[in-house]
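One structure is given here, and the rest of the page talks about it.
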Amino acid sequence: MIALIVAFLILIPILAIAANLLMSGSSDTWRHLAATVLSSYIANTLILCIGVSAGAILIGTSAAWLVSIHEFPGRRVFEWALVLPLAVPTYVMAYTYTDLLQFVGPVQSWLRESFNLKPGQYWFPDIRTIGGAVVIFVFVLYPYVYLLARTAFLERATGMLEVGRSLGLGPWQSFFRISLPLARPAIATGASLALMETLADYGAVSYFGVPTFTTGIYRAWFSLGDRVAAAQLSAALLGFVALVLLTERITRGRGRFHNTTARNRPLPGHQLSGIKAVGAVLVCLLPLMIGFLIPAGTLLHMALTSGDAQFGERFLRLARNSFVLAAISAAVAVAIAVLLAYAARGARHIMSSLVNRVVGLGYALPGSVIAVGVLIPVSRLDTWLASTVQEITGHNPGLVLTGGIAALIYAYLVRFLTMSLQTVEASLSKITSSMDDAARSLGSGYGETLQRIHLPLLRGSLLTAALLVFVEVMKELPATLVMRPFNFDTLATQAYTLASDERLAEASTAALSIVVVGVLPLMLVSREIARSRRSQ
């Protein structure tokens, strides 16, 4: 019953948006948006989806193939380092490259000084365009494709590649005729994850001035004050998310890919030398430099040379707010994940599995959509609670839920609960059910079995799940911007506000803090993955 209640709470944002559409109908704001900017929202969203999917697949698949099947200088470092761009939020990347590539930035200044050029005598691409947004998203989000494609290349293709080599296939023939078809479902899944992150983004597209559905939702809610129009734009964005998921499912087709051999030992890597080795190093080094090394180095330089003029008490308050939100959300998410996963394990009923799949829908929802879906019912509940308490006690308590961080944490849980749930489920499935049976035969109930047997075995996975949610909450911008209480800022909102005011050097301190928090767990997890592959 508790699991069903949790699933219902996760579904409330979607139900609220649907109910608001059905009951409110079309508004004047919606008609104005449809006549003026809706077509640009759709066109820009399609361009972003096509460009990001193509770029992420090209870079992620190429890098995964090189580090999985070949030997070249630096391969073991690239194996884990290529996931580091995930630690850099897209809006932080946008701020960094704008500072580097703008007219008064170091790149254009160096060009003018080196070649004695005057303004107007040369052409330089403008980063603050939809093309620049595509490039930013590609180099931040390609690790989704890289991780899944690399796993597919290592786990599925080894036996077949041996057969292919014995039949005379070279490395490129083996790639196109064996590995790539087998890895297609994994590549499609990675591309769909990258596209959902693209659709959910607000900071980068807003800073670049690219109108999309997320910027339209924010504008309709705050600038125009029309929650109906915001809900209608949210529904349209949900349609794009559903289209991405449907496309990923269709891409898989009816094909099924299974490993039917126990021969999982890795193939001897194909040794690259000379110009081929240099090319492999460049293919892996370029996305790592553009996606992580250059922005991290730029932020570090700006933080050390200029930094935030308000660094001190205000920065510590921002860090405290961010850490409190992230810590509470991580703790509650892990507790709920243990409850749901253990309920599914103990009940062994289709309803429990269905509930957990419903909970997983939250990660597919953009933060702006979740914010609108949460604010509509929670604000009404808040108003009703305040009026009821005032009638009973004569004292108006104010907005208890939306006036504090409770509603914001609820939005975080809707968005990121699935990350902790999948981690806990995967680890819990590795604990044999015979342990449960043995505990019950000795008189232990469900609660005692969980406390004395499962939780000690799950300690590492629980920490991993908490860490993943913690990092994601630290980086989350759209939901935080919409739902944060008055005079309550975080590192993410501070970086966005300062960068929006073109105070990029001052934004570097908060942005660098977010990157550091994100990069440490990524390094640990990616290196552990690499070690586990080598040991297997």
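The values are calculated or read from the model by the stated rules, or taken from the named source; none is laboratory data. Because the structure is predicted, anything quoted here is derived from the model rather than measured. So basically every Cβ, Gly included, is an ideal-geometry build from the backbone, and we count neighbours across all protein chains shown. SASA here: full protein model, heavy atoms, side chains in, ligands and nucleic acids out. Shrake-Rupley method; radii C 1.70, N 1.55, O 1.52, S 1.80 Å.
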Being out of contact with any helix residue (DSSP H, G or I) (no Cβ under 7 Å at 6 or more places or on another chain) and among the charged types (D, E, K, R), is that true of even one residue in the range 83-101?
-> no
Restricting the range 1-39 to residues that are loosely packed, with under 14 Cβ neighbours inside 10 Å and under 26 Å from Val210 (Cα atoms), which is modelled with the lowest pLDDT?
-> Ser26
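Taking the range 434-443, which residues are open to solvent by less than 60 Å² (accessible area, probe 1.4 Å) and modelled with pLDDT of 70 or more? Don't jump to the end; show me each part of the working.
Our first condition is that a residue be open to solvent by less than 60 Å² (accessible area, probe 1.4 Å); within the range 434-443, this holds for 436, 438-439.
Residues satisfying the conditions are Ala438, Ala439.
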With respect to Met419, is the statement that it is open to solvent by 20 Å² or more (accessible area, probe 1.4 Å), in contact (Cβ under 8 Å) with a residue 40 or more places away in the chain, of a type outside the set (D, E, K, R) and part of a helix (DSSP H, G or I) true?
-> yes
Check Ser379, Ser352 and return the single one that is surrounded by 14 or more Cβ atoms within 10 Å (Cβ to Cβ), of a type in the set (Ser, Thr, Tyr) and modelled with pLDDT under 80.
-> Ser352
Among the residues of the range 207-221, how many are in contact (Cβ under 8 Å) with a residue 24 or more places away in the chain and either acidic (Asp, Glu) or open to solvent by 40 Å² or more (accessible area, probe 1.4 Å) (or both)?
-> 4
Scan the range 468-485 residue by residue and report those that are under 14 Å from the mean Cα position of the chain (by Cα) and open to solvent by 30 Å² or more (accessible area, probe 1.4 Å).
-> Leu468, Phe470, Glu472, Lys475
Filter result (open to solvent by less than 10 Å² (accessible area, probe 1.4 Å) and closer than 15 Å to Ala495 by Cα) within the range 308-340 = Leu318, Ser322
Kindly list the number of the only condition in (1) among the aromatic types (Phe, Trp, Tyr); (2) over 21 Å from Ala204 (Cα atoms); (3) surrounded by 13 or more Cβ atoms within 10 Å (Cβ to Cβ) that fails for Tyr97.
-> (2)
May I ask you to say which residue of Arg112, Arg128 is charged (D, E, K, R) and either within 15 Å of the chain's Cα centre (by Cα) or assigned to a loop (DSSP other than H, G, I, E, B) (or both)?
-> Arg128
Filtering the range 40-67 for residues that are open to solvent by 20 Å² or more (accessible area, probe 1.4 Å) and either within 18 Å of Lys276 (Cβ to Cβ) or in contact with a Gly (Cβ under 7 Å, 6 or more places away or on another chain) (or both) leaves a count of 2
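The rows are residues; the columns are (1) within 16 Å of Leu293 (Cβ to Cβ); (2) of a type in the set (D, E, K, R).
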position: Leu82; (1), (2): yes, no
position: Tyr97; (1), (2): yes, no
position: Gln102; (1), (2): no, no
position: Phe115; (1), (2): no, no
position: Arg128; (1), (2): no, yes
position: Val134; (1), (2): no, no
In the range 222-239, which residue that is open to solvent by 10 Å² or more (accessible area, probe 1.4 Å), aliphatic (A, V, I, L, M) and under 24 Å from the mean Cα position of the chain (by Cα) is modelled with the lowest pLDDT?
-> Leu238
Selection status of Val400, under 31 Å from the mean Cα position of the chain (by Cα), among the β-branched types (Val, Ile, Thr) and exposed (fewer than 15 other Cβ atoms within 10 Å of the Cβ) | yes
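Answer with yes or no whether Val244 is at pLDDT below 85, β-branched (Val, Ile, Thr) and open to solvent by less than 20 Å² (accessible area, probe 1.4 Å).
yes
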Out of the range 172-198, which residues are open to solvent by 40 Å² or more (accessible area, probe 1.4 Å) and farther than 15 Å from Val241 by Cβ?
-> Trp172, Gln173, Phe176, Arg177, Leu180, Pro181, Arg184
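Residues in the range 74-109 that are in contact (Cβ under 8 Å) with a residue 40 or more places away in the chain and part of a loop (DSSP other than H, G, I, E, B): how many?
Residues meeting the conditions: 5.
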Residues being crowded, with 16+ Cβ neighbours inside 10 Å and more than 22 Å from the chain's Cα centre (by Cα): count how many of those fall in the range 451-467.
-> 3
Ser109 versus (1) more than 21 Å from Ala303 (Cα to Cα); (2) surrounded by fewer than 24 Cβ atoms within 10 Å (Cβ to Cβ): which is the lone unmet condition?
-> (1)
